[in-house]
Structure formats: C-alpha cells, structure tokens
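Taken together, the values in this text are just the output of simple stated rules run on the coordinates, not laboratory data. Nothing here was measured: the structure is a model prediction, and the numbers come from that model. Note that each Cβ is placed from the backbone with ideal geometry, even for glycine, and that neighbours are counted across all protein chains shown.
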Amino acid sequence: MAAHPADQTQFRRGDARTAVVWEALRALLDGRSPMRVLDVGGGTGGFAVRVAALGHQVTVVDPSPDALAILDSR
C-alpha cells in the first residue's frame, strides 16, 4: 500500500527540518573541545547519537522508558 501524498510531504518536511537543525548543531559543536550536552526530550537519540559521535558527552532526558531503551541500544 502506497503512502498518501500528504504523508510523503510531511515526511519530507520532517527530514528537511531535521537536516537544518543538525547542520546548525554540527556547525556549533564540530571541532570543539569535548562538551557536556543535555538533550531534553531527546527520545530515541536522533541528535544525541550524532553529537556523541563528535566526541561530546550527552545526557538524554525523556519521559518515555521505551524511547530511552531504544536509545540505549543505539
């Protein structure tokens, strides 16, 4: 079953927003001395994992134990 065109548009917008936010974060954090970063509402860690890969210590706070379990496995 194909996705509804409106769903595809929403998905592309979400991808675009994520890309813009990530580029801003990367520009701010890339090449800096390791920092301690707090990700409030970090969910499954979409940004936290990337920030940690740049060498920073990331703490994720999220009310969902399921999201945190997924993050832990990443």
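Which net charge results when you count Lys and Arg as +1 and Asp and Glu as -1 among the other residues whose beta-carbon is under 12 Å from that of A52?
Net charge around A52: +2.
Work out the length of the dipole vector of the stretch 5-73 about its Cα centre, built from +1 on the beta-carbon of each Lys and Arg and -1 on the beta-carbon of each Asp and Glu, and round it to the nearest 20 debye.
280 debye
Given a Förster distance of 35 angstrom, what is the FRET efficiency for L38 paired with R13, based on the Cβ-Cβ distance and rounded to 0.05?
0.85
For Cα pairs less than 8 Å apart in space and 6+ apart in sequence, what is the mean separation divided by the residue count of the chain, i.e. the relative contact order in percent?
Normalised by residue count, the contact order of the chain is 27 percent.
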